[in-house]
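Here the structure is laid out as structure tokens; the discussion comes afterwards.
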Amino acid sequence: MRTLLLILLAATSLPAEESLFGKKANAAAVTPEPPPAPSAPAANAGVPSPGATPSEETVDTSVTITPFRPFQTAEAKEVRPFSMARLNRPLAFESTRELLRLHAAFVQQHVADASPEGFARAPGPITSMEYVVQQDLGEGRLLVKANWSASADGLLGAGEDAYAVLIPEKAPAVGEKGRAVVANVGLVAVKFTPAFAPLSGRRMTMRREAFIECAPLPDGPAALQKFVDNVKAGARISVFTAEKFPCKTCGGLGFTREAQKGKLEDKRIPCASCESGKVTVRIETQFAP
Ligand SMILES: [Zn+2]
């Protein structure tokens, strides 16, 4: 999978100014190329020179895929250990319930691979996708029209009937349907000539979500046991979760009080640093034996 990712990302590089398409990454996903500037009329325009062949329309079928916006994971604000040795000890946060929840996050954030450990961190949010192949972009890359669900971590929104770039394990033919578990690798700019209606023949650049098909990790009791064994054997595993904590500014109330002159009741001011008394903090939990 790593090789394919490199192929996708290392595609022919464009001059710097071409990768700066504009500020709104999500807007205007389909940008027709500006028409070529008319060439200066030749002095003898209209007078066919002897031996001139009728102008031939050559269709540029080259494809350039440039990373436009890599998938960005928010940095964890805090790192905490989860020690297997402390599991279900009094006052320890390392409970079976917490382990199940964090293992579910592990499954959503890692994919199966051929490494000795058998898994690797996913390059981006994992989701499932149904697609129809619109065009083969070469080098194992497809332009697909797809539906995908929002990722479990909430970092990738759902897509409906949307064009996307996909690197599948095994590519179906153009026009065929497919279904895959995929990892999002961010937004790419695809410069190509569509070979399908209604865009056929128009040289254009599309900015689209890019995905790589991946093998999901199994879930369930046997997978959990293997996970625990891996941690006890010293595997370096961490997961990212968004945790809610009571807000320190307002003491978890969701508002602060301000005394009002001549009134018994304080004025309640909605707390600016939280939502209903809770703050969400992105935390990296590092597992330890
Ligand atoms: Zn607050």
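No lab work stands behind these numbers, since they all come straight from the coordinates. What you see is a predicted model; the values in this text were computed from it and never measured. Please note: Cβ atoms are built from the backbone with ideal geometry, for glycine as well, and neighbour counts cover all protein chains shown.
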On a C-alpha basis, how far is the centre of region 81-129 from the centre of region 170-244 in Å? Whole number, if you could?
-> 19
Give me the Kirkwood hydrodynamic radius of region 163-230, using the inverse of the mean 1/r over all pairs of distinct Cα atoms, in Å to one decimal.
-> 14.8
Contour excess over end-to-end distance, with Cα ends at Arg121 and Ala158 and 0.36 nm allotted per residue | 11.2 nm
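Kirkwood Rh and Cα-based Rg: tell me the resulting Rg over Rh for region 127-180, rounded to two decimals.
Values: Rg = 11.0 Å, Rh = 11.2 Å.
Rounded to two decimals, Rg/Rh equals 0.98.
Could the peptides 96-102, 163-169 be put in order, highest first, of the mean number of other beta-carbon atoms found within 10 Å of their residues? Don't jump to the answer; show the numbers that get you there.
On the way: 96-102: 13.7, 163-169: 21.7.
Going by the mean number of other Cβ atoms within 10 Å, highest first, we get 163-169, 96-102.
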All-pairs alpha carbon distance profile, region 78-222, 5 Å steps from 0, percent = 2, 9, 16, 18, 16, 12, 8, 6, 5, 4, 2, 1, 1, 0
If R0 = 41 Å, then Met204 and Val281, at their Cβ-Cβ distance, give a FRET efficiency to the nearest 0.05 of 0.45
Please give the contour-minus-distance gain from Ala223 to Lys263: 0.36 nm per residue of separation, less the Cα-Cα distance, rounded to one decimal in nm.
-> 8.3 nm
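Could you state the per residue volume, in Å³, of the convex hull enclosing the Cα atoms of region 60-160?
Numbers: hull volume 16.0 nm³, N = 101.
Taking only Cα atoms, region 60-160 has a hull volume of 158 Å³ per residue.
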How many Å³ per residue does the convex hull of the Cα positions in region 220-289 occupy?
-> 108
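Quick one: which of 248-257, 170-179, 64-73 comes out on top by average Cβ neighbours within 10 Å, and what's the full order, highest first? Could you put the intermediate results ahead of the total?
Working: 248-257: 14.5, 170-179: 12.8, 64-73: 16.7.
So the peptides 248-257, 170-179, 64-73, ranked by packing, come out 64-73, 248-257, 170-179.
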Among region 122-142, those whose backbone N falls under 15 Å of a label point 7 Å along Cα→Cβ from Ser149 are 126-131
If each of Glu169 and Asp113 carries a label point 7 Å out from its Cα toward its Cβ, how far apart are those two points in nm?
-> 1.6
